[in-house]
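Contents: one structure, followed by commentary.
The values are calculated or read from the model by the stated rules, or taken from the named source; none is laboratory data. Please read all numbers here as calculations on a predicted model, not as lab measurements. All Cβ positions, even for glycine, are placed from backbone atoms using ideal geometry, and neighbour counts span all protein chains on display. Surface accessibility is based on the protein's heavy atoms, side chains included, excluding ligands, DNA and RNA. Shrake-Rupley method; radii C 1.70, N 1.55, O 1.52, S 1.80 Å.
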Amino acid sequence: MPDSAPVLKDAYELVRQQYGDAVGLRRDELITPALVLDIDAAQRNIDHMAGELSRMGAATIRPHYKTHKSPDLARRQVQAGAGGLSMATVWEAAILAAAGMDDLFVVNTVSHPAKLAMLAELARDHRILVAVDEAENAAAHSAAAVAAGSELGILVEVDTGMDRCGADTADDALAVARHVTDLPALRFEGITGYEGHCTMTPDHDLRHERQVEAMTFFTGVADQLEAAGIPCPIRSAGGIATWQWTAAFPGMTEIQAGTYVVMDNFHGKMVPGFEHSLTIQATVISRQSGKVIVDAGNKSVAAPADVTIVGHDHPVFRFDEEHGIFAAPGGSSLRVGDTVALVPGYSPSTVNWYDAYHVIQDNVVTDIWPITPRGPGHHGLALPA
């Protein structure tokens, strides 16, 4: 297996070489656009989530790495009591393993041979879990694990209403689970699902109603598996928009919320109690036509319709590729050359467009952290052909 440690080491060295001169600068002195992480606010978010879950005494959290893609933040989450980590890609699992993390759950179905082989190789020295939703895919994981001399933990994915991956019925999930238990080098661990369709429901009561429906079906699948003699110790679901309800739902063991660490405007409207630790520093470049125009467009900030300027009440007029355009028909105190902090509409996609965090304390840059792995590539982590 390729050694992931050099890839991780190179990521730190590269961003510190490229952006290290920013250490010691105030955030308003940064070259823009720049991704800024207030580490004290992020830590307060981590501690708040850990404290709330401890107080509830219900499910644990297996936070989703795709939100921030930072080994440094993942380590802080684990130190605060997270029960393992969730991730979207095999390459994220490889990076976290290289960073010394364990109990890694790829919450996705995986089919490419190189990715199957990588997961199986990682499982030789780490507790690795992965989602499956059909028998043939489970067999492919089994073959890869046998070849690697390892054992993979398998969670059957259940579609709770997202209309994406996952077994559609309890009978389908039971058939896949039975197949998994018969295959060598696989260890059936439970079921996983994501009630992400609830996130698209801004109305509080309707979102809760849909969450209850989704989790009633989900836990019912687990009950059916156990009634058939297949223990289901892990029942893993729950994004940030439903985290409290799903964590407290009878029968649930863990949630996969991730955005709480950095927060954004899309989720913040539905989930109070967490700070916006993630912002984009931008510079005003024009004040024409009753507008404030900054140098961070839709290549720099995701979900631009929900972007806001910290401390200024200027609604979004339009975002182009390199221009963020805010309406200011009544005028504005902002002038060309002023710097502003933008709160992203959607944080996971925003983070994925940057190489590095400018980590700040008291508005001064104290460190540069890589965002790794970013984009769809494997960054040299793939097994050789």
### Per-selection metrics, region 236-334 (Cα): Rg and Dmax in Å
17.2, 57
### Task
Beyond 36 Å, what share of the Cα-Cα pairs of the chain is found? Please give it as a whole percent.
26 percent
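Take each of the peptides 215-222, 21-28, average the number of other beta-carbon atoms within 10 Å over its residues, and list them starting from the highest.
Put in order of decreasing packing, that is 215-222, 21-28.
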### Message
At 1.4 Å probe radius, can you tell me the per residue accessible area of region 232-337 in Å²?
### Response
38 Å²
### Query
Assigning unit charges at the beta carbon (Lys, Arg +1; Asp, Glu -1) and nothing else, what dipole magnitude in debye, to the nearest 20, does the chain show about its Cα centre?
680 debye
### region 311-362 versus region 1-52: alpha-carbon centroid distance in Å
19 Å
### Query
Projected onto the charge dipole of region 1-86 (+1 at Lys/Arg Cβ, -1 at Asp/Glu Cβ, origin at the Cα centre), which of Ala41, Tyr12, His64 gives the Cα projection farthest towards the positive end?
His64
### Task
May I ask for the Kirkwood hydrodynamic radius of region 1-59, worked out over all distinct Cα pairs and given in angstroms to one decimal?
15.0 Å
### Message
Under the rule of at least 5 residues apart or a separate chain, name every residue whose amide H is placed under 5 Å from the amide H of Ala356.
### Response
Ile371
### Task
Report the full-extension gain for the segment Arg124 to Gln288: residue separation times 0.36 nm, less the Cα-Cα distance, to one decimal in nm.
53.0 nm
### Per-selection metrics, region 34-81 (Cα): Rg and Dmax in Å
11.4, 39
#### Entry: Accessible-area order (highest first, 1.4 angstrom probe) of the listed residues His197, His323
His323, His197
#### Entry: DSSP beta bridge pairing in the chain, given as percent antiparallel to the nearest 5
50 percent
### Query
Once you list every other residue whose beta carbon is under 11 Å from the beta carbon of Gln361, what net charge do they have if Lys and Arg are +1 and Asp and Glu are -1?
-3
### Dimensions (Å) - region 308-372, Cα atoms, principal axes, largest first
41, 26, 17
### Message
Once neighbouring chains are kept in place and the probe is 1.4 Å, which whole percent of the accessible area of the chain is contributed by carbon and sulfur?
### Response
50 percent
### Summary
Under the 7 Å Cα-to-Cβ spin-label approximation, Val146 and Glu321 lie apart by a distance in nanometres of 5.0 nm
### Query
Taking a probe of 1.4 angstrom, what is the accessible area of His379 in Å², to the nearest 10?
90 Å²
#### Entry: Lysine-lysine proximity count for the chain, Cα under 19 Å, sequence distance 8 or more or distinct chains
5
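Can you give the extra length, in nm with one decimal, that the chain gains between Asp47 and Asp21 once fully stretched, where that is 0.36 nm per residue apart less the Cα-Cα distance?
6.3 nm
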#### Entry: Share of Cα-Cα pairs in region 116-160 lying beyond 17 Å, as whole percent
25 percent
